Structures are given as C-alpha cells and as structure tokens.
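A.B. asks: Pasting a structure below so you can have a look.
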Amino acid sequence: MIHIEKIHHVAYRCKDAKTTVEFYQKHLNMDLLVCIAEDKVPSTKEPDPYMHVFLNAGSGNILAFFEITGQKEMSRDLNTPQWVQHIAFQVKDEQALIEAKNELIAKGLEVIGVTEHGIIKSIYFFDPNGHRLELTCAVGTTQEMIELKEVAPRMLEEWSQTKRPPKHSAWLHEKEFKK
C-alpha cells in the first residue's frame, strides 16, 4: 500500500528563473535551495534545455519552477478562469495575514482581500509569471472541520450526479452573503 509522507515539491513553469527566484525571496522570504540545469530531460531524454529552481516554502515544503528555452513562450490555461489555478501558502493567523497584506502592498503588489471563506481567510496576488498566489490562515473550528469532512463524500456524489453545487457546506459563506 502506498503511504504518502508529504508533497516533496510542486513545479510550475516560469518566464525567467532569476526574476522568479528574486520575487519569491523578496516578497515571501523563500530561500533558494537548489538549481538543476540540463540540456536533456532526464525522464524522456528529449533535448530541451532548462533551469529548474527549488525554493524553501517552509516546514519541508518546496516550490519549484522550470525555465525552458526550447519551447513556445509560456501562457496559462486559457480555458480555465484565472482564479482557479493558484498556489496557496498558509500563515500563522489572521494578524499575520493582515501584516503580510500590508507588506505586499508596501512592496508595490496589488492584493485582493482579505476574503472570508468560512474556515479560512485569504489574500490573493500574482507572481511575475502570472501565477495566482494565495496567503491564507485557518480560522475554522475543529468541529467545523469534522463536519466538512463528514459531508464531503455526500457532496462529491451529489456533484457527480447533478453538476450543481450541493448545499451541505453553504454555511461557510452565509455570513458573507448576509452583509
């Protein structure tokens, strides 16, 4: 039986490896851990020069990027709304989230939020490659998390059958919509 210990790294494409590393160092205080550069893809042996950079995202998490020189210029999935694909990082608490928002704004970034999601609160901004980033903090109670886990299989089944949003977790945004 496979037992996953953690995600080792998540990799995305970038337009410029140096600019990307500098952004994550400056704005999110991530350290550069490793650079790997090759003329051929190790798994497929295709000739495709690349720079692969690995950044410390905290607590053993690694965020990686590939700059590829032998391919068309990168773009995002144009059939997917921009808000869907994103990288989310957790901060300690709501105070840390607000401080991060203020720091990012002071560094010249446009920040969306604080957005209330019921069990988390989040802010959103973009990296120089157009990747949407989220900083989030958990605000849900243990009981709320237990309830959400309990209804998850029923929600998934209902969605699979109807392709309409099930209402089992509608309470997450009820306060927000009453404003």
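The values are calculated or read from the model by the stated rules, or taken from the named source; none is laboratory data. Nothing here was measured: the structure is a model prediction, and the numbers come from that model. All Cβ positions, even for glycine, are placed from backbone atoms using ideal geometry, and neighbour counts span all protein chains on display.
A.B. asks: Counting only residues that are touching a strand residue (DSSP E or B) at 6+ places or on another chain (Cβ under 8 Å), closer than 21 Å to residue 167 by Cβ and either of a type in the set (A, V, I, L, M, F, W, C) or in a helix (DSSP H, G or I) (or both), how many does segment 119-149 have? Lay out the reasoning, then the answer.
C.D. replies: The initial filter retains those residues of segment 119-149 that are touching a strand residue (DSSP E or B) at 6+ places or on another chain (Cβ under 8 Å), namely 119-127, 129, 131-140.
Now narrow it down to the ones that are closer than 21 Å to residue 167 by Cβ: 119-120, 140.
If we keep only those that are either of a type in the set (A, V, I, L, M, F, W, C) or in a helix (DSSP H, G or I) (or both) too, we end up with 119-120.
Number satisfying all stated conditions: 2.
A.B. asks: A further question follows. Enumerate the pairs (first residue in segment 71-94 and of a type in the set (A, V, I, L, M, F, W, C); second residue anywhere and surrounded by 12 or more Cβ atoms within 10 Å (Cβ to Cβ) and part of a loop (DSSP other than H, G, I, E, B)) with beta-carbon separation below 8 Å, excluding pairs fewer than 6 apart on the same chain, so at least 6 apart or on different chains.
C.D. replies: 74/14; 74/15; 74/129; 87/131; 89/57; 89/58
A.B. asks: For segment 99-131, which positions are in contact with a His (Cβ under 9 Å, 6 or more places away or on another chain) and closer than 24 Å to residue 21 by Cβ?
C.D. replies: Residues of segment 99-131 in contact with a His (Cβ under 9 Å, 6 or more places away or on another chain): 103-104, 107, 109, 116-118, 124-125, 127, 131.
If the condition is that a residue be in contact with a His (Cβ under 9 Å, 6 or more places away or on another chain) and closer than 24 Å to residue 21 by Cβ, then 103, 104, 107, 109, 124, 125, 127, 131 are the ones that fit.
A.B. asks: Would you mind finding the one in 67, 38 that is surrounded by 13 or more Cβ atoms within 10 Å (Cβ to Cβ) and without any contact (Cβ under 8 Å) to a residue 60 or more places away in the chain?
C.D. replies: On the way: 38 fails: surrounded by 13 or more Cβ atoms within 10 Å (Cβ to Cβ).
The conditions single out 67.
A.B. asks: Looking at residue 96 and the list (1) part of a loop (DSSP other than H, G, I, E, B); (2) more than 18 Å from residue 18 (Cβ to Cβ), which single condition is not satisfied?
C.D. replies: Only one criterion in (1) part of a loop (DSSP other than H, G, I, E, B); (2) more than 18 Å from residue 18 (Cβ to Cβ) is unmet by residue 96, namely (1).
A.B. asks: Related question: When you look at residue 38, is it under 18 Å from residue 68 (Cβ atoms), at pLDDT below 95 and of a type outside the set (Gly, Ala, Ser), yes or no? It would help to see each step written out before you state the result.
C.D. replies: Numbers: under 18 Å from residue 68 (Cβ atoms): yes; at pLDDT below 95: yes; of a type outside the set (Gly, Ala, Ser): yes.
Yes; evaluated as a whole, the condition is true for this residue.
A.B. asks: Continuing with this model, one more query. Can you tell me which residue is surrounded by the most Cβ atoms within 10 Å (Cβ to Cβ) among those in segment 1-35 that are in contact (Cβ under 8 Å) with a residue 12 or more places away in the chain and farther than 23 Å from residue 130 by Cβ?
C.D. replies: Top of the filtered list is 33.
A.B. asks: Output the number of residues of segment 123-179 satisfying the condition of being touching a Ser or Thr at 6+ places or on another chain (Cβ under 8 Å) and of a type in the set (S, T, N, Q).
C.D. replies: Going through segment 123-179 one residue at a time, the tally reaches 2.
A.B. asks: Tell me, which residue of segment 106-118 that is assigned to a loop (DSSP other than H, G, I, E, B), surrounded by 13 or more Cβ atoms within 10 Å (Cβ to Cβ) and modelled with pLDDT of 95 or more is farthest from the chain's Cα centre (by Cα)?
C.D. replies: Of segment 106-118, the ones assigned to a loop (DSSP other than H, G, I, E, B) are 107-111, 117-118.
This time we only want the ones that are surrounded by 13 or more Cβ atoms within 10 Å (Cβ to Cβ), so: 109, 111, 117-118.
Subset that is modelled with pLDDT of 95 or more: 109, 111.
On the way: 109: 17, 111: 15 Å.
Here the answer is 109.
A.B. asks: Check 45, 18, 26 and return the single one that is of a type in the set (Lys, Arg) and either farther than 27 Å from residue 103 by Cα or part of a strand (DSSP E or B) (or both). Break it down into steps so the answer makes sense when it comes.
C.D. replies: On the way: 18 fails: either farther than 27 Å from residue 103 by Cα or part of a strand (DSSP E or B) (or both); 26 fails: either farther than 27 Å from residue 103 by Cα or part of a strand (DSSP E or B) (or both).
Only one candidate qualifies: 45.
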